[in-house]
């Protein structure tokens, strides 16, 4: 009877262990995703991948400061044009408005650069990719700090904040799917690695580095 009891306990422990993702695994996966993300930014032209995002952040600060707390939502839910950019063009003349309009003009100039449109054409509009990115942004909003969320757009090269945010996302995915032996978590990581590999390959071909 005691032997059966011990066997049952061991079985339960094995199920619990197999049904969770060790923190060491999460850290390994996290480091790989951060490396791929950094490669993605390094291979991307600066204008579309970094400068226009950071210029939009300046527009929010100078043209619609009341929306700064909602900055992540403005960008993630495509509300920037409606709630900030159009608002900036309607402001009456003042010193602050002048600064706002100057920044808007700088943003428009960046968007007009030929590399901007070409960049997004190369990455493509695959529905699965776009849906995965949209879901990823919602996941970040659920667990990442305001500082981390702001950095996603306004400090694109800040890998420390990107990493701390993505760690929380991976931990959330792992905890939400403890009953499937880690299958959903592993699929999630695998899909992102494949997505980054495809994007990085496209970027390397289209924008070769000297």
Completion exercise
Expected unfolding gain across residue 97-residue 68 under the 0.36 nm per residue rule, minus the alpha-carbon gap, is 8.8 nm
Problem - Evaluated over region 37-160, the Cα radius of gyration and Dmax, each in Å - result: 15.0, 45
Practice task
With a ≥ b ≥ c taken as the square roots of the eigenvalues of the C-alpha gyration tensor of region 92-201, please select rounded if a/c is under 1.5 and otherwise prolate if a/b is larger than b/c or oblate if it is not?
Solution key: oblate
Practice task
May I ask you to derive the relative contact order of region 23-206, considering only C-alpha pairs under 8 Å and at least 6 residues apart, and to give it as an integer percent?
Solution key: 34 percent
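Read-outs throughout are calculated quantities, based only on the coordinates presented, and are distinct from any laboratory measurement. Everything numeric here is computed off the predicted structure, so don't read it as measured data.
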